[in-house]
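Presented below is the structure to which this report refers.
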Amino acid sequence: MAVSHRKMPPFPAALTITTTIVVVAAVFSSLFCSVSSYERPPPRRNLVVPRRKDLDSDSPEQVHISLVGADKMMITWITEDSAPAVVEYGSSPGLYTKLVTGSTSSYKYTFYKSGYIHAATIGPLHPDTTYYYRCSSDSARNFTFKTPPAQLPIKFVVIGDLGQTEWTKTTLENIAKSDYDVLLLPGDLSYADLIQPLWDSFGRLVEPLASQRPWMVTQGNHEIERIPVIHSQPFTAYNARWPMPFEQSSSTSNLYYSFDTAGVHVIMLGSYTDFDSNSAQYGWLVADLKKIDRSKTPWIVVLVHAPWYNSNTAHQGEKESVDMKTAMEELLYEAHVDVVFSGHVHAYERFTRVHNGEANDCAPVYITIGDGGNREGLSSKYIDPKPEISIVREASFGHGEFEVMNATNALWTWHRNDDDVAVVGDSFVFTSLSSVPACKL
Ligand SMILES: *[C@@H]1O[C@H](CO)[C@@H](O)[C@H](O)[C@H]1NC(C)=O
Ligand SMILES: *[C@@H]1O[C@H](CO)[C@@H](O)[C@H](O)[C@H]1NC(C)=O
Ligand SMILES: [Fe+2]
């Protein structure tokens, strides 16, 4: 196996070695990941965001936050050298009246050893409130975030297959302009594709946004990063760097979980872990759906990486789409889930409410939003003619916003990255199925 036997040095010295290893990785990827035969526009190189030179080796970086239960936030950050896993916070600038000590972990991946990955859960916090915080007692970097509101309205940004290219940068700039509360990401984050320093680079690229609003993610195929024999454990970097609050929803895996926020029950499914009717995920989903009280959370939103409905030629017939849909579609239908967001296909597509391949007024709307801007480029070939259940489909980069107004109405908008400016390319007014008498719950 043509793997360099040198120890991976820190950035930026790792870059040349990284480039060499990219070639090796490309070979691995094409051998062990699903291969697609469709054409894509010319790929773009990954943007590499180096570690800031002015930071001390024990300074926090790659800070991101995620919701934990109704009123807590988990802060995750990385230091190059060991540093206390301490978050200090308060609701006035510079006045860090509270202190929480979390825990630290790290991981190894072939010749790479990660930095110190810290996580601390702070709270209870007030809803709709700005907090000021710092990590590892480092006064060189102060952060701020806002908690989501306790009640509707709430605004989500939804974006999949993000990656770290110039396209991604444009998408992030557009997202930064929308005053959202929570970001939902249906898989394929960094496109590090085995090159572990690119996970660090991705952490730096998203930090300005991900340290300010909760980013709730689920896994895509690019998170698996298995190399047979050499590194057989899947999801090593993903689970270490992007821990999600799975225990709070009685899940036993970071690969699927759910949470409530302001009248919305969000379910994060895992395309790349077992999903058949004997699986732990299936049993968990059945129990989770049973617990939903539509008078408290009138909306149910589901995210899953591989789309169950898709009229793009990309990723047709994969078992994560076909078999998972066969296993779980009925469960979501019977629960009257409002919308299912997925990624994987690098384009935008909105289906009508659909069940079992047919339009059905009491079924979820299916939306593919895998157009974040990763290095692989767009999936621009579609099956012709367009199936009637597909309402809008377009291969352009962009992001989605799901603004839930109240118990009955929500506005979905798809914002295309046209000439580096966000343009509304599609919109749809949702009526929650919990308020449609004909769809008996
Ligand atoms: C962070 O906050 C502390 C305490 O208010 C302050 O002394 C320091 O200058 C701030 N650092 C930055 C980079 O803003
Ligand atoms: C919900 O919001 C929509 C859109 O803003 C509005 O037209 C409708 O009257 C609201 N419904 C209730 C029950 O408040
Ligand atoms: Fe994918």
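Tabulated values for the structure
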item	result
Filter result (within 23 Å of the chain's Cα centre (by Cα) and either of a type in the set (Ser, Thr, Tyr) or assigned by TED's automatic domain parsing to the domain that holds residue 213 (or both)) within the range 104-126	104, 105, 106, 107, 109, 114, 116, 121
Any hit, the range 74-85, residues being over 30 Å from residue 151 (Cβ atoms), aromatic (Phe, Trp, Tyr) and at pLDDT below 95	no
Filter pass, residue 350 being of a type in the set (Lys, Arg) and in contact with a Ser or Thr (Cβ under 7 Å, 6 or more places away or on another chain)	no
Looking only at the range 164-178, and only at residues there that are out of contact with any helix residue (DSSP H, G or I) (no Cβ under 8 Å at 6 or more places or on another chain) and open to solvent by less than 20 Å² (accessible area, probe 1.4 Å), the one that is farthest from residue 192 (Cα to Cα)	178
Qualifying residue in the range 211-223 (condition: within 16 Å of ligand 1 (Cβ to nearest atom) and in contact with a strand residue (DSSP E or B) (Cβ under 8 Å, 6 or more places away or on another chain))	yes
Hits in the range 161-197 - residues which are touching a Ser or Thr at 6+ places or on another chain (Cβ under 8 Å) and more than 16 Å from ligand 3 (Cβ to nearest atom)	181, 182, 195, 196, 197
Unique match (being among the polar types (S, T, N, Q) and touching a strand residue (DSSP E or B) at 6+ places or on another chain (Cβ under 6 Å)) among 129, 121, 165, 147	121
Answer from 130, 147 - the residue that is hydroxyl-bearing (Ser, Thr, Tyr), exposed (fewer than 15 other Cβ atoms within 10 Å of the Cβ) and over 23 Å from residue 240 (Cβ atoms)	130
Enumerated strands (runs of 3 or more DSSP E) restricted to the range 214-319, each holding at least 1 residues that are touching a Pro at 6+ places or on another chain (Cβ under 6 Å) and open to solvent by 20 Å² or more (accessible area, probe 1.4 Å)	none
Residue tally, condition open to solvent by 10 Å² or more (accessible area, probe 1.4 Å) and in contact with a strand residue (DSSP E or B) (Cβ under 8 Å, 6 or more places away or on another chain), over the range 50-60	5
Some residue of the range 312-322 being in the same structural domain as residue 258 (by TED's automatic domain parsing) and away from ligand 3 (no atom under 16 Å from the Cβ)	no
Of residues in the range 412-431 being open to solvent by less than 50 Å² (accessible area, probe 1.4 Å) and within 20 Å of residue 182 (Cα to Cα), the one farthest from the chain's Cα centre (by Cα)	430
Hey, residue 404 within 19 Å of residue 154 (Cβ to Cβ) and within 16 Å of ligand 2 (Cβ to nearest atom) or not	yes
Selected residue (criterion: surrounded by the fewest Cβ atoms within 10 Å (Cβ to Cβ)) from residues of the range 353-376 that are in contact (Cβ under 8 Å) with a residue 60 or more places away in the chain and acidic (Asp, Glu)	361
Of all residues making up the range 70-103, the number that are of a type in the set (Ser, Thr, Tyr) and surrounded by fewer than 17 Cβ atoms within 10 Å (Cβ to Cβ)	6
Cβ pairs under 9 Å, 6+ apart, first in the range 308-328 and in contact (Cβ under 8 Å) with a residue 12 or more places away in the chain, second among the acidic types (Asp, Glu) and open to solvent by less than 20 Å² (accessible area, probe 1.4 Å)	308/329; 309/349; 310/349; 311/349; 312/349
Residue satisfying condition, being assigned to a loop (DSSP other than H, G, I, E, B), open to solvent by less than 20 Å² (accessible area, probe 1.4 Å) and more than 16 Å from ligand 3 (Cβ to nearest atom), within set 47, 67, 125	125
Residue match in the range 324-335 (condition: hydroxyl-bearing (Ser, Thr, Tyr), surrounded by fewer than 21 Cβ atoms within 10 Å (Cβ to Cβ) and not in a helix (DSSP H, G or I))	no
Set 101, 129, 76: member being more than 16 Å from ligand 2 (Cβ to nearest atom), within 23 Å of the chain's Cα centre (by Cα) and either aromatic (Phe, Trp, Tyr) or under 28 Å from residue 184 (Cα atoms) (or both)	76
Residues that are touching a strand residue (DSSP E or B) at 6+ places or on another chain (Cβ under 9 Å) and either open to solvent by 60 Å² or more (accessible area, probe 1.4 Å) or more than 26 Å from residue 170 (Cβ to Cβ) (or both), drawn from the range 377-389	380, 381, 383, 386, 387, 388, 389
Hey, residue 191 open to solvent by less than 10 Å² (accessible area, probe 1.4 Å) and part of a loop (DSSP other than H, G, I, E, B) or not	yes
Search result, residues across the range 393-435 that are within 21 Å of residue 170 (Cα to Cα) and aromatic (Phe, Trp, Tyr)	397, 402, 412, 414
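The values are calculated or read from the model by the stated rules, or taken from the named source; none is laboratory data. Predicted model, so just to flag it, every value in this text is computed and none were measured. Glycine also receives a Cβ, built like all others from the backbone with ideal geometry; neighbour counts cover every protein chain displayed. Just so you know, the surface numbers come from the protein's heavy atoms only, side chains and all, with ligands and any DNA or RNA stripped out. Shrake-Rupley method; radii C 1.70, N 1.55, O 1.52, S 1.80 Å.
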